[in-house]
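Chemist: Right, I'll just put the structure down here and ask away after.
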Amino acid sequence: MHRAGNIAGTLQEALDNWQKVNKPLEEIYQALNSGCLPLEMPFEQFRCESPLPRAYQWADGSAYVNHVELVRKARGAEMPQSFWTDPLMYQGGSDSFIGPKDDIPLGSEEWGIDFEAEVAVVTDDVPMGASPTECEKSIRLVMLVNDVSLRALIPNELAKGFGFYQSKPSSAFSPVAVTPDELANEWDGKKLHLELNSYYNNAHFGCPNAGVDMTFDFPSLISHAAKTRPLSAGCIIGSGTVSNKQGTDFGTSISEGGVGYSCIAEVRMIETIRDGKPSTSFMRFGDRIRIEMFDARGKSVFGAIDQKVVKYE
């Protein structure tokens, strides 16, 4: 790796001045890859914070409606038709993201601890009312997310009619955020067409393709967020849990020959639909989750989110 502090002291500073710093940063990148620039230090993922340790805004969508449909089906509820045309989105806390290798400290296992493997984009300034076509031009970076959820706290919060808060603790992001051009043909300007791998306690839990069954693409999600307010440079927009329908009503685990899942809740939903009750427990203290994406050559694109759930003291 090579420091770029003489160009921008932080990633947020780079985003605030993107038109000015983009070319000098690209020159450092090219020189580093070609061997023309001396290495200052090795790149070590465990030393990384989330690319934006704090952000002006973190808004998470639910772009994979298959996931939403499963949630409602498990409790015997019909899904409103509007969910296919109007995306769900919540505004999460963005002042205390945790690092991709940091422990996840939580107060109780009874809260229903779950991981959610997602993709996110970081935007430039977006004017209020921007169209999806305009929003596509605002995407500056792409990265991965572990959007930690406390499933047992969600029902009571939603019943109040005012959305998530306590049930959505600090999220973690991949060690690296990349510019879209780095993704070559896997990025079409709207979706990322690569498998998102989750390893739960070292077992391969899921590898759904992030470009499949994504009802709302990233420009549409950004446009939704900007309908009544402008978005500032450094705004993070998440995809929601990546979920593939896999040609069945419920999807299939990796052990059954499918692509698996990106959260425990989805497995529990399927167990409830099939068996009348869930049999897979949520995360316990000491459990680990690893989230990573590989390109066509088998190289890690963003580095890995690799975390352990621990008791908060």
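Chemist: Using Cα pairs closer than 8 Å and at least 6 residues apart in sequence, work out the relative contact order for the range 82-166, in percent.
Modeler: That works out to 33 percent.
Chemist: I'd like the chymotrypsin sites (Phe, Trp or Tyr not before Pro) in the range 99-185 restricted to DSSP loop residues with at most 14 other Cβ atoms within 10 Å, sorted by number.
Modeler: Phe162, Tyr165
Chemist: Excluding residues fewer than 8 places away in the same chain, name every one of the aspartates and glutamates whose C-alpha is closer than 13 Å to that of Lys101.
Modeler: Answer for Lys101, where 13 Å is the Cα cut-off: Glu44, Glu49, Glu292, Asp306, listed by chain and number.
Chemist: By accessible area of protein heavy atoms, probe 1.4 Å, what ranking do Trp84, Trp58 get, highest first?
Modeler: In descending accessible area the options line up as Trp84, Trp58.
Chemist: Mind checking the angle between helix 65-74 and the chain's longest principal axis? C-alpha axes, 0 to 90 degrees, to the nearest 10.
Modeler: 20 degrees
Chemist: Another question, if that's okay. With angles folded into 0 to 90 degrees, how steeply does helix 264-275 sit against the dominant principal axis of the chain? Use alpha carbons for both and round to 10.
Modeler: Roughly 20 degrees between the two axes.
Chemist: So how far apart, in nm, are the two label points at Glu109 and Arg297 if each is 7 Å from Cα heading toward Cβ?
Modeler: If labels sit at Glu109 and Arg297, their model points lie 4.4 nm apart.
Chemist: How much net charge surrounds Ala63 when only other residues with a Cβ under 11 Å from its Cβ are counted (Lys, Arg +1; Asp, Glu -1)?
Modeler: Around Ala63, the charge tally is -2.
Chemist: Mind jotting down the distance between the C-alpha centroids of the range 33-78 and the range 161-227, whole Å?
Modeler: 6 Å
Chemist: OK, next. Within the set Lys73/Lys308; Lys245/Lys277; Lys23/Lys137; Lys73/Lys190; Lys245/Lys308; Lys137/Lys191, which residue pairs have Cα atoms separated by over 23 Å?
Modeler: Lys73/Lys308; Lys73/Lys190; Lys245/Lys308
Chemist: Further, regarding this structure: Computed FRET efficiency, Cβ-Cβ of Asn201 and Glu27, R0 35 Å: what is it to the nearest 0.05?
Modeler: Here the calculated transfer efficiency is 0.20.
Chemist: Give the shape of the range 1-129 as rounded, prolate or oblate, defined through the alpha-carbon gyration tensor: a ≥ b ≥ c are the square roots of its eigenvalues, a/c under 1.5 means rounded, and otherwise the shape is prolate if a/b is larger than b/c and oblate if not.
Modeler: Cα axes put the range 1-129 in the prolate bin.
Chemist: Okay, moving on. By a straight-distance test (C-alpha under 14 Å), which aspartates and glutamates pair with Lys299 as possible cross-link partners, with residues fewer than eight away in the same chain excluded?
Modeler: The qualifying aspartates and glutamates are Glu182, Glu186, Glu195.
Chemist: Treating the Cα atoms of the range 178-311 as identical point scatterers in vacuum, please give the log10 of the normalised Debye intensity I(q)/I(0) at q = 0.20 Å⁻¹, two decimals.
Modeler: -1.28
Chemist: Which of these values of mean projected area of the Cα convex hull in nm² was calculated from the structure shown: (1) 16.7; (2) 29.5; (3) 19.7?
Modeler: (1)
Chemist: Using R₀ = 25 Å, calculate the FRET efficiency as 1/(1 + (r/R₀)^6) where r is the Cβ-Cβ separation of Arg274 and Glu157; round to 0.05.
Modeler: Approximately 0.35, to the nearest 0.05.
The values are calculated or read from the model by the stated rules, or taken from the named source; none is laboratory data. Here the structure is a predicted model, which means the values were calculated and not measured. Reconstructed Cβ throughout: ideal geometry from the backbone, glycine too, with neighbour counts over all protein chains shown. When the accessible area is computed, the model is the full protein with side chains, heavy atoms only, and any ligands, DNA or RNA have been set aside. Shrake-Rupley method; radii C 1.70, N 1.55, O 1.52, S 1.80 Å.
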